[in-house]
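What follows is calculated from the coordinates using simple rules that are stated; it is not laboratory data. Please read these numbers as outputs of a predicted model, since none were measured by experiment. Using ideal geometry, Cβ is built from the backbone for each residue, glycine included, and neighbour counts are taken over all protein chains shown.
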Amino acid sequence: MYKKTQYVLSGDKPTLVEIRDYGKPDFPVLIAIQQESFPPPFPPELWWNPEQLTNHVELYPEGALCTEVEGEMVGSITALLSDFNPAQPEHTWQDGTDNGSIRNHNPAGKTLYIVDICIRPKYRSLKLGQLLMQAMYERVVQDDLERLLGGGRMPGFHEFSDRLTAEQYAAQVVAGEIKDPVISFLLRCDRMPICVVVNYLTDEESEGYALLMEWKNPFRHHQQPPNRPNV
């Protein structure tokens with residue numbers, strides 16, 4: 001299991017942070033964090049429920065992590081193992097995660113697929129999301145996996161969709177011409193774009209689009225697949 005304690009800076013003050021695996025006693029807080037992190041118009045039916053969380057800790061506990069700040073739980077990240085064909089990257093969040101239940105977790109899979117990451121808004125200045133993502137990169141290296149993969153919501157897209165396609169919007173975010181709350185965060189986490197996915201998730205702000213992004217294990221040899229989609 002995973003447990004890591006370190007300090008982060010809140011202004012000039014060192015603040016103690018712990019990242020650890022989550023369990024059943026944490027479920028009520030995890031659900032509350034989801035509700036606070038993803039307010040409407042995000043669909044409430046996509047918030048975690050106890051059945052999904054039970055699957056997370058029973059099917060792949062190594063992919064169920066949370067973070068605490070001075071003893072208070074403030075965020076989480078969840079993942080599963082899957083197969084991924086880089087030559088055919090398009091899929092939906094529902095298909096990739098079995099609607100968040102991760103019943104499609106494949107213990108032999110070589111791709112660590114991020115199901116969800118969330119941090120309470122008041123704590124986002126501490127860069128805890130990057131620490132959780134780093135913990136997952138460590139899992140990729142520890143278990144000799146090929147990559148970390150996940151679709152990034154594009155919640156800023158609805159403000160530009162009258163004049164930009166989803167691909168144009170993603171390209172401008174990657175170029176630094178537009179800041180997107182999720183995609184810009186994932187870029188700071190060293191994620192690399194693969195392609196824009198249509199109807200990835202029921203998400204009014206993103207108009208259903210997401211940017212599929214990966215982090216490759218630097219200790220494995222990678223071959224570029226033919227005809228790889230570009231943003």
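Taken as a whole, the condition of being farther than 30 Å from Arg103 by Cβ and either buried (at least 16 other Cβ atoms within 10 Å of the Cβ) or within 17 Å of the chain's Cα centre (by Cα) (or both) does not apply to Lys122. From the list Asp143, Asp83, the lone residue that is of a type outside the set (A, V, I, L, M) and under 15 Å from Lys216 (Cβ atoms) is Asp143. Scanning segment 166-185 turns up no residue that is among the basic types (Lys, Arg) and farther than 27 Å from Gln134 by Cβ.
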